[in-house]
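To start, the structure itself, in structure tokens.
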Amino acid sequence: MTSPPPAPAVTVIGDALIDELRSSSGTNSFVGGAALNVAVGLSVLGVSATLVAMVGDDADGDTIRAYLASFGVNLVDSPAPHGTSRAVSDRTEGEPAYAFNLAAQRRTIDFTSRTLEPISTAELVVVSCYPFDSDEQSSALASAVHDPANRLIIDPNPRSGMLADRRRFVRNFEALATDALLIKIGDDDARLLYNSSLASLTERLHDTSSATILATAGRDGASIVDHRGRTARSPIADLPGAIVDTMGGGDATLASMTASLLEALHAAAPPAAPPASAAPPASPPTPAWQPALDRAMLIAAATCRHPGALLRLP
């Protein structure tokens, strides 16, 4: 009998799919998905990671499993009644047009003892590109994640072709994000979900949530504001070479910041004695935001100088 894998430092919940890129020069397919990119990025950074995602028993699913295994990421695959998700980006006419297959549009996570185990034992839980427009899926996720203020990291990461109900998505995302440890949002999220600016969305979430807000703005870099009002801002790092593919920049940023949070957690000295039962829970340890953000922008810049979404180290 094989022994179960050790408890992951980070469990990532969300999407895993095949990205199919079509252009005038041909068609290329590669393994993708925002949650998958974060899990693999964490592994590249030396963090033990488990991915909980819907993956089918088909050729695409086998490709995803082999890819994750090559990076040492443990996959806990949820049943996929419609097969493995696939996203098509067609650039043959200039501006890219995106389409998602039925599996991607109806993606779900089956919360059983098998999927709940790595969620309950992980030090940090990251949620990215999750179907918050499903009340059932949102409720199941909220029940699965314990102590969100100390270990939950959320990136809404919506995709217009996978978004069935924008208002429901926003409502369920904000309900879970209220008590999270960190929320990552991007300028695309602000436009698609709120029809607002990134600055306005950052202010809204800061006013309604106790979480630290990580706001990413592509070539304009990123900023952080935490619940204590501490802030940091960093431009995207200026590295040699041309930017080749921006697809994985946001996921690399999230993986780097998650690794920094984990480092702060490990660096915190354990208490000399267990706290009194009546005492309120201590605030989770946090990294020095400025160097953590600078490192994330350096890693994002390196990632964008290579094709695909795999996190790269400068």
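Numbers below:
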{"item": "Karplus-derived 3J(HN,Hα), 6.51/-1.76/1.60, for each residue of the stretch 190-201, Hz, glycine and proline x", "result": "4, 6, 6, 8, 10, 6, 9, 7, 5, 4, 5, 5"}
{"item": "GNM top mover of ASP294, ASP62, ASP189 - the chain, alpha-carbon springs below 10 Å", "result": "ASP62"}
{"item": "The chain - percent relative contact order, Cα under 8 Å, separation 6 or more", "result": "15 percent"}
{"item": "Rounded to 5, percent antiparallel among DSSP beta bridges of the chain", "result": "35 percent"}
{"item": "Rounded to whole Hz, the Karplus (6.51, -1.76, 1.60) HN-Hα couplings of the stretch 173-186, x for glycine and proline", "result": "4, 5, 4, 7, 6, 3, 10, 6, 7, 8, 10, 9, 10, x"}
{"item": "Under 5 Å, built H, 5+ apart or other chain: amide partners of LYS184", "result": "ILE154, ASP155, LEU214"}
{"item": "Sorted by Cβ density within 10 Å, fewest first, the residues SER223, SER89, SER256", "result": "SER89, SER223, SER256"}
{"item": "Base-10 log of normalised Debye intensity for the chain (one unit scatterer per alpha-carbon) at q = 0.06, 0.10 Å⁻¹", "result": "-0.18, -0.53"}
{"item": "Cβ-based net charge around SER197, under 10 Å, with every Lys or Arg adding one and every Asp or Glu removing one", "result": "-1"}
{"item": "Estimated 222 nm signal from helices in the chain, with DSSP H stretches of n ≥ 4 weighted -39500 (n - 2.57), rounded to 500", "result": "-10000 deg cm²/dmol"}
{"item": "Extreme residue, positive dipole direction of the chain, given options LEU192, THR27, ASN101 (C-beta unit charges)", "result": "LEU192"}
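Each value in this text was obtained by applying a stated rule to the coordinates, not by laboratory testing. The structure displayed is predicted, hence computed values, not measured ones. Quick reminder, even Gly has a Cβ in these numbers, built from the backbone with ideal geometry, and neighbours come from all protein chains shown.
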